[in-house]
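What follows is a single structure, written as structure tokens, with notes after it.
No lab work stands behind these numbers, since they all come straight from the coordinates. Because the structure is a prediction, the values reported are computed rather than measured. Glycine also receives a Cβ, built like all others from the backbone with ideal geometry; neighbour counts cover every protein chain displayed.
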Amino acid sequence: MPTAVIQVLDITKKFGSRTVLDAIRLDVFDGETLVILGGSGSGKSTLLRLMIGNILPEGGDIMVFGKSLRGMSDGELAEYRKTIGVLFQSGALFNSMSVADNIALPLREHTDLAEDTIDIIVKMKLELVGLREHADKMPSQLSGGMKKRAGLARAMAMDPKILFYDEPSAGLDPVTSAEIDQLIIDLNRKLGVTSVVVTHEMDSAFRIAHRMVLLDRGKFIVSGTPDEMRNSTDPLVRQFVFGLTEGPLTERRRGSGYANDLLGLDPVI
């Protein structure tokens, strides 16, 4: 039985009166690439932020390497974040720094390594993502796909045990998206890093996933391998996976109550 490095235990998250996640329970196993699927507003990005420790839940807990995120002090959370890497949707590079300085930043901030050693590590990380020859460029000189790769190199700077990806294919053309997917696959194979990927891009999901989880309106719907998801008989799963125009999701939208919306009444869910 594989080891669960992350255990999401009945997590509930609210923003005001709105429940964004409702008693979510799932495991992330050591060395796997878990893809979290769901439409806009399904709660998948909120779940990612909870796993990173950026926000805390109203109910439940998340265990990472056997330790409770809710029970961690600020100092313990800071130490935990040194063991993970995050690729943000935009890449989130600092525009005033070169690519090399962006990758070097966490090493300068969180280690006592000499500059010569940091320079070698930066070159190694950039080589992993195919950007070593672009080290001295500024982010404004990079394409969208190159920014994503530079962001990934920075996420790997501290040799994380877990990599989190927030919509890694967002805003990219199909070829560049496929290149980012291949990079995720290669890093998983070469480094054995555990990956958690949030996306709604099905082509990307099927390329990279060992296992998938589908969320809908803040609830856990199903988990399974790519083949299990493709072969599911659940109408909601089939509509989402295959992008069908007819099914529970479109029926829900049609029945959402236009008159109620105009009058400001709460929809019936």
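Report the relative contact order of the chain, percent, no decimals, based on alpha-carbon pairs under 8 angstrom and at least 6 residues apart.
RCO, the chain: 23 percent.
D for the chain, whole µm²/s, Stokes-Einstein with Kirkwood Rh over alpha-carbon pairs at 37 °C and 0.692 mPa s: what number?
Result for D is 165 µm²/s.
Express as a percent, rounded to the nearest 5, the fraction of DSSP beta bridges in the chain (both residues included) that run antiparallel.
Within the chain, antiparallel bridges account for around 55 percent of the total.
Picking from Ile180, Ala135, Ile162, whose Cα lies most toward the positive end of the charge dipole for the range 122-185 (charges on Cβ: Lys, Arg +1; Asp, Glu -1)?
In the range 122-185, that residue is Ala135.
Among Leu131, Leu26, Leu244, which one shows the biggest mean-square fluctuation in a GNM of the chain, springs joining Cα atoms closer than 10 Å?
Highest fluctuation of the listed residues: Leu244.
If you take the square roots of the eigenvalues of the alpha-carbon gyration tensor of the range 1-72 and sort them as a ≥ b ≥ c, do you get rounded (a/c under 1.5), prolate (a/b over b/c) or oblate?
oblate
Which translational diffusion coefficient, to the nearest whole µm²/s, is obtained for the range 164-258 from the Stokes-Einstein equation, given a Kirkwood hydrodynamic radius over C-alpha pairs, 25 °C and 0.890 mPa s?
Diffusion coefficient, whole number: 167 µm²/s.
Would you list Lys219, Lys44 from fewest to most Cβ contacts within 10 Å?
By the 10 Å Cβ count, ascending: Lys219, Lys44.
Can you sort Val20, Val175 by how many other beta carbons sit within 10 Å, fewest first?
Val175, Val20
About its Cα centre, how strong a charge dipole does the range 87-206 have in debye, to the nearest 20, once Lys and Arg get +1 and Asp and Glu get -1 at the Cβ?
Here the range 87-206 has a charge dipole of around 80 debye.
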